[in-house]
Amino acid sequence: MKPLNLSKIYSTVLLSGVALLVTACDKSETADPAVSADTAAETLNSEQSIKHHADMFSGCYTVSKDEPPQIKVSQQTQGLVMQMKEPKSANRVWDDPEPLEPIAIDKVSKYFSVDEKNVEGVIGRPDRVFVVAQVKQAYVNIDPTLDSPYLGYILQGSNTIYKVECDDTPADELIENPHQNEEGVGNIVIKPAGKVES
(Lines give C-alpha, C1' and ligand atoms only; values in the text may rest on other atoms or scores of the structure.)
Protein backbone atom coordinates (compact mmCIF):
# COMPACT_ATOMS: atom_id res chain seq x y z
CA MET A 1 0.00 0.00 0.00
CA LYS A 2 1.29 3.38 -1.05
CA PRO A 3 1.72 5.97 1.71
CA LEU A 4 -0.36 9.14 1.35
CA ASN A 5 1.54 12.19 0.31
CA LEU A 6 0.15 14.73 2.76
CA SER A 7 1.95 17.66 1.20
CA LYS A 8 0.12 17.06 -2.10
CA ILE A 9 -3.23 16.79 -0.31
CA TYR A 10 -2.61 20.03 1.61
CA SER A 11 -1.57 21.77 -1.61
CA THR A 12 -4.71 20.60 -3.42
CA VAL A 13 -6.98 21.71 -0.57
CA LEU A 14 -5.20 25.06 -0.31
CA LEU A 15 -5.42 25.71 -4.08
CA SER A 16 -9.12 24.72 -4.11
CA GLY A 17 -9.82 27.12 -1.24
CA VAL A 18 -7.95 29.97 -2.95
CA ALA A 19 -9.86 29.32 -6.21
CA LEU A 20 -13.20 29.46 -4.38
CA LEU A 21 -12.19 32.64 -2.57
CA VAL A 22 -11.05 34.35 -5.79
CA THR A 23 -14.28 33.34 -7.55
CA ALA A 24 -16.40 34.68 -4.68
CA CYS A 25 -14.44 37.94 -4.60
CA ASP A 26 -14.78 38.36 -8.36
CA LYS A 27 -18.55 37.89 -8.16
CA SER A 28 -18.97 40.35 -5.30
CA GLU A 29 -16.79 42.97 -6.98
CA THR A 30 -18.63 42.69 -10.28
CA ALA A 31 -22.10 42.57 -8.75
CA ASP A 32 -24.20 45.45 -10.01
CA PRO A 33 -25.45 47.45 -7.01
CA ALA A 34 -28.41 48.66 -9.08
CA VAL A 35 -29.47 45.05 -9.68
CA SER A 36 -29.32 44.21 -5.95
CA ALA A 37 -31.22 47.43 -5.12
CA ASP A 38 -33.86 46.53 -7.71
CA THR A 39 -34.12 43.03 -6.27
CA ALA A 40 -34.55 44.47 -2.77
CA ALA A 41 -37.27 46.84 -4.03
CA GLU A 42 -39.07 43.98 -5.79
CA THR A 43 -38.94 41.89 -2.61
CA LEU A 44 -40.24 44.82 -0.55
CA ASN A 45 -43.12 45.36 -2.99
CA SER A 46 -43.87 41.69 -3.55
CA GLU A 47 -47.39 40.39 -3.00
CA GLN A 48 -46.25 38.63 0.19
CA SER A 49 -44.63 41.81 1.56
CA ILE A 50 -47.72 43.90 0.74
CA LYS A 51 -49.93 41.38 2.55
CA HIS A 52 -47.58 41.32 5.57
CA HIS A 53 -47.60 45.13 5.80
CA ALA A 54 -51.37 45.25 5.25
CA ASP A 55 -51.85 42.81 8.16
CA MET A 56 -49.61 45.01 10.31
CA PHE A 57 -50.98 48.45 9.41
CA SER A 58 -54.59 48.11 8.15
CA GLY A 59 -56.91 50.16 10.31
CA CYS A 60 -57.63 53.73 11.31
CA TYR A 61 -55.34 56.22 13.00
CA THR A 62 -55.59 59.50 14.83
CA VAL A 63 -53.05 61.98 16.16
CA SER A 64 -54.68 62.21 19.59
CA LYS A 65 -56.30 59.54 21.76
CA ASP A 66 -59.31 61.79 22.25
CA GLU A 67 -60.00 62.39 18.57
CA PRO A 68 -61.89 60.28 16.04
CA PRO A 69 -60.03 58.45 13.27
CA GLN A 70 -58.59 60.74 10.64
CA ILE A 71 -56.56 58.37 8.45
CA LYS A 72 -57.46 54.91 7.17
CA VAL A 73 -54.90 52.41 5.86
CA SER A 74 -56.17 49.43 3.90
CA GLN A 75 -55.28 46.93 1.21
CA GLN A 76 -57.23 47.34 -2.01
CA THR A 77 -56.76 45.85 -5.47
CA GLN A 78 -54.03 48.38 -6.28
CA GLY A 79 -52.11 47.52 -3.09
CA LEU A 80 -51.73 49.44 0.17
CA VAL A 81 -53.59 52.76 0.27
CA MET A 82 -54.39 55.57 2.70
CA GLN A 83 -57.48 57.75 2.90
CA MET A 84 -58.21 60.88 4.91
CA LYS A 85 -61.56 61.45 6.63
CA GLU A 86 -63.70 64.10 4.98
CA PRO A 87 -66.09 66.61 6.59
CA LYS A 88 -69.86 66.13 6.09
CA SER A 89 -69.89 68.84 3.42
CA ALA A 90 -67.84 66.57 1.13
CA ASN A 91 -70.79 64.13 0.90
CA ARG A 92 -68.46 61.19 1.50
CA VAL A 93 -66.63 59.88 4.56
CA TRP A 94 -63.19 59.10 3.11
CA ASP A 95 -61.28 60.83 0.31
CA ASP A 96 -59.81 59.09 -2.74
CA PRO A 97 -57.26 56.36 -1.95
CA GLU A 98 -53.60 57.37 -2.21
CA PRO A 99 -50.94 54.68 -2.69
CA LEU A 100 -48.69 53.51 0.12
CA GLU A 101 -45.69 51.24 -0.13
CA PRO A 102 -43.50 49.26 2.27
CA ILE A 103 -40.26 51.02 3.20
CA ALA A 104 -37.06 49.20 4.14
CA ILE A 105 -36.63 49.18 7.92
CA ASP A 106 -33.06 50.44 7.57
CA LYS A 107 -34.54 53.75 6.29
CA VAL A 108 -36.52 54.40 9.50
CA SER A 109 -33.94 56.85 10.87
CA LYS A 110 -34.82 59.28 8.03
CA TYR A 111 -38.21 59.79 9.68
CA PHE A 112 -38.04 58.73 13.33
CA SER A 113 -35.46 58.73 16.12
CA VAL A 114 -35.87 55.00 16.82
CA ASP A 115 -33.20 52.38 16.18
CA GLU A 116 -34.19 50.06 13.32
CA LYS A 117 -33.78 47.00 15.58
CA ASN A 118 -36.82 48.23 17.53
CA VAL A 119 -39.09 48.53 14.48
CA GLU A 120 -41.51 45.92 13.09
CA GLY A 121 -42.33 47.62 9.79
CA VAL A 122 -42.55 50.93 7.91
CA ILE A 123 -44.91 52.12 5.16
CA GLY A 124 -45.32 55.46 3.44
CA ARG A 125 -46.54 57.40 0.46
CA PRO A 126 -44.19 57.35 -2.53
CA ASP A 127 -43.47 61.08 -1.96
CA ARG A 128 -42.82 60.31 1.75
CA VAL A 129 -44.93 63.17 3.14
CA PHE A 130 -46.75 60.49 5.15
CA VAL A 131 -44.88 57.60 6.78
CA VAL A 132 -46.00 55.20 9.52
CA ALA A 133 -43.77 52.89 11.56
CA GLN A 134 -44.76 50.16 13.97
CA VAL A 135 -42.41 49.89 16.94
CA LYS A 136 -41.94 46.65 18.85
CA GLN A 137 -44.11 46.53 21.96
CA ALA A 138 -41.09 45.63 24.11
CA TYR A 139 -39.50 48.95 23.12
CA VAL A 140 -42.72 50.88 23.80
CA ASN A 141 -42.71 49.38 27.30
CA ILE A 142 -39.25 50.78 28.11
CA ASP A 143 -39.41 54.14 26.28
CA PRO A 144 -41.30 56.67 28.44
CA THR A 145 -41.87 58.97 25.44
CA LEU A 146 -44.01 56.36 23.68
CA ASP A 147 -47.55 55.42 24.63
CA SER A 148 -48.40 53.79 21.31
CA PRO A 149 -46.54 51.35 19.06
CA TYR A 150 -47.25 53.55 16.03
CA LEU A 151 -45.24 56.55 14.88
CA GLY A 152 -46.48 58.91 12.21
CA TYR A 153 -44.45 61.26 10.05
CA ILE A 154 -46.63 63.90 8.44
CA LEU A 155 -45.27 66.88 6.51
CA GLN A 156 -41.74 66.67 7.93
CA GLY A 157 -42.81 66.26 11.57
CA SER A 158 -43.07 63.05 13.56
CA ASN A 159 -45.05 62.04 16.61
CA THR A 160 -46.84 59.14 18.22
CA ILE A 161 -50.12 58.28 16.54
CA TYR A 162 -52.88 55.95 17.72
CA LYS A 163 -54.65 53.07 16.03
CA VAL A 164 -58.37 53.37 16.78
CA GLU A 165 -61.65 51.80 15.67
CA CYS A 166 -62.73 52.82 12.18
CA ASP A 167 -66.12 54.43 11.67
CA ASP A 168 -68.03 55.92 8.77
CA THR A 169 -69.19 59.08 10.47
CA PRO A 170 -68.03 62.32 8.80
CA ALA A 171 -65.35 64.12 10.76
CA ASP A 172 -67.40 67.15 11.79
CA GLU A 173 -70.21 65.02 13.29
CA LEU A 174 -67.86 63.28 15.70
CA ILE A 175 -66.99 66.36 17.76
CA GLU A 176 -68.63 66.24 21.15
CA ASN A 177 -66.00 68.10 23.09
CA PRO A 178 -66.75 71.86 22.84
CA HIS A 179 -63.06 72.63 23.47
CA GLN A 180 -61.97 71.02 20.22
CA ASN A 181 -61.91 73.01 17.01
CA GLU A 182 -64.79 71.65 14.93
CA GLU A 183 -63.48 73.17 11.71
CA GLY A 184 -60.03 71.62 12.09
CA VAL A 185 -60.93 67.94 12.46
CA GLY A 186 -60.77 66.05 9.22
CA ASN A 187 -59.12 68.95 7.44
CA ILE A 188 -55.56 67.66 7.55
CA VAL A 189 -54.27 68.19 4.03
CA ILE A 190 -51.23 66.34 2.74
CA LYS A 191 -49.75 67.88 -0.37
CA PRO A 192 -46.79 66.48 -2.29
CA ALA A 193 -43.52 68.02 -1.11
CA GLY A 194 -41.30 66.38 -3.70
CA LYS A 195 -39.85 62.91 -3.86
CA VAL A 196 -37.67 61.87 -0.97
CA GLU A 197 -35.02 59.29 -1.82
CA SER A 198 -35.76 55.99 -0.11
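Using the Kirkwood formula over every pair of different C-alpha atoms, what hydrodynamic radius in Å results for region 36-136? Each step should come with its number before you reach the end.
Values: mean 1/r = 0.0690 Å⁻¹.
Final number for the Kirkwood radius of region 36-136 is 14.5 Å.
Residues with amide H under 5 Å of K136's amide H, sequence separation 5 or more or different chain, H placed in the peptide plane at 1.01 Å from N; which?
V119, E120
Taking 0.36 nm per residue of sequence separation and subtracting the Cα-Cα distance, how much length would be gained by fully extending the chain between T77 and K136, in nm to one decimal?
Contour length minus Cα-Cα distance gives 18.4 nm.
Could you provide, to the nearest whole Å², the per residue accessible area of region 105-163 with probe 1.4 Å?
Here the per-residue accessible area is 47 Å².
Please give the per residue accessible area of region 39-99, computed with a probe of 1.4 Å over protein heavy atoms only, in Å².
Averaged over the residues of region 39-99, the accessible area is 54 Å².
The values are calculated or read from the model by the stated rules, or taken from the named source; none is laboratory data. All values derive from a computational prediction rather than experimental measurement. Accessible surface is based on the protein model in full, side chains and every heavy atom, while ligands, DNA and RNA are left aside. Shrake-Rupley method; radii C 1.70, N 1.55, O 1.52, S 1.80 Å.
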